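See structure below.
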Amino acid sequence: MNKYFVSMVLVGIVALTVTASAFGTRMSLVGRIQSEYSHIDIEGFSSQSTVNDPTFFSSWGFRIFEDLGKGFQAVAMIDFGFNTNGATQGSREIFVGITNDSIGTLKIGRTHSPFADFAGGWTIDPFVYTTLQAAGSGGTMIASANGLGSGAYSAVNSVIRFTSREFDGFSFAVLFMPGDSEKLEANLGGVLGGQGGNIGQTGGEDGEWDVQAAAKYNFDFRDHRFQVFGGYSRDNVSTAQKRITAVNLKTEEVGRIGGLWSYKDFQIQGQYEFISDALGAATCSDAAALGVIGDIERQCNSAMNAGGDGEIWYVGGQYKLGNATFIAQGGMTDADRTHFALKRKARSFTVGGLYHFSKRTNLFGGYQRVNVIDESATVDRDRDTWTAGLRHLF
């Protein structure tokens, strides 16, 4: 029965692809799969090893294009995540839009944020989508559960996003998210007034729009390549969150600046983020935390204290030697004290590497140490992580 079902699915995909091509639409099946052995030792609490895909890097989906004439194309994406233990994570990006090489791309639906895939974030972290990623457990990048940060696999619902083409080295991206907060808001682990299981959904009070904008500039000088970038994120406080009078939550604002410099096979990259009135940043994505909501071992080191301010910085370097890339990176999270939570810090460093068997297949591994200083806790849960994994893109 299972073999019959699988066969029917494959036949249906082939038939759908042929039919789509006949009507001038190009559709391709895309995906990726990853599995890694990771050992996480949380000081004074537990030590555990697993063979899995804890960041849900694995996914499959469809990418669709249709020529509209005069340089315009319709574009759509349907992407579903899973891990190698059989668990399904659900949807990633699901959008429809229009693109033009001379202007840019407009997407409507569920997309990644500019802080994730455009300026900084994933684009400067070579260990993204592994247990060693800088967001969350690494404690050196913001990883908001509402998707406006750079948490692995996070996407933002109910958005309109425009990403420009590059004009003489300059490009920008902007994301708008309308929503009635009483009907559309983040769960945030159930700790800040979120409703139900709407992780990844946010909205401002009385239909205010959340917004995120970022820009970057690329330029070359002889064998040197430079990039500078910056961005701003605004996550409006919801009606339900305002009712939590003990915390006195306000609209969250995040500013980001950073850049990279590369010379031949060597590169240095970094970014700095300042968080004001932490809201979504008061928690992080499941992948960033690498733990279950409610468990004491769930350690999201880049979490700010709800309603408070803080800063996060990250710096890293990498060197390519043949098919291998050697990596060293680290940084710090500093969450200010609020009237209900004490100050906390997390410092981390990571060393490791990637080995590319081909453009589609690579091996990765390394070690990460996170030192936590939490004045609210009786015991600081420092963390040591070792991992080795293999991934393939198709």
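The values are calculated or read from the model by the stated rules, or taken from the named source; none is laboratory data. Since we're looking at a predicted model, the values are computed, not measured. No Cβ is skipped: glycine too gets one built from the backbone with ideal geometry, and neighbour counts run over all protein chains shown. These accessible areas exclude ligands, DNA and RNA; they are computed on the full protein's heavy atoms, side chains included. Shrake-Rupley method; radii C 1.70, N 1.55, O 1.52, S 1.80 Å.
Within the straight-line cut-off of under 25 Å between alpha carbons, the lysines reachable from K320 are K216, K264, K359, sequence neighbours fewer than 8 places apart in one chain being disregarded. Here the 3J(HN,Hα) profile of the range 163-172, calculated from phi with Karplus coefficients 6.51, -1.76 and 1.60 at θ = phi - 60°, is 10, 7, 6, 8, 10, 6, x, 9, 8, 8 Hz, Gly and Pro shown as x. Among the protein heavy atoms, those of K250 account for about 100 Å² of accessible surface (1.4 Å probe, every chain in place).
Once all protein chains are placed together, F80 keeps about 80 Å² accessible to a 1.4 angstrom probe. Given axes a ≥ b ≥ c from the Cα gyration tensor, I'd like to know whether the range 76-135 is rounded (a/c under 1.5), prolate (a/b larger than b/c) or oblate. Oblate is the answer for the range 76-135, as a/c is 1.5 or above yet b/c matches or exceeds a/b. The 3J(HN,Hα) values that the Karplus relation (6.51, -1.76, 1.60; θ = phi - 60°) gives for the range 55-62 are, in residue order, 8, 6, 5, 5, 6, 9, x, 10 Hz. Gly and Pro appear as x. Taking chymotrypsin sites (Phe, Trp or Tyr not before Pro) across the range 20-72, the ones in a DSSP loop with at most 10 further Cβ atoms lying within 10 angstrom of their Cβ are F23.
With N counted as the residues of the range 307-374, its alpha-carbon radius of gyration over 2.2 N^0.38 Å works out to 1.54. Ignoring lysines fewer than eight residues from K242 along the same chain, the ones with Cα atoms less than 20 angstrom from its Cα are K183, K250.
For T84, the residues 5 or more places off, or on other chains, whose built amide H falls under 5 Å of its own are D53.
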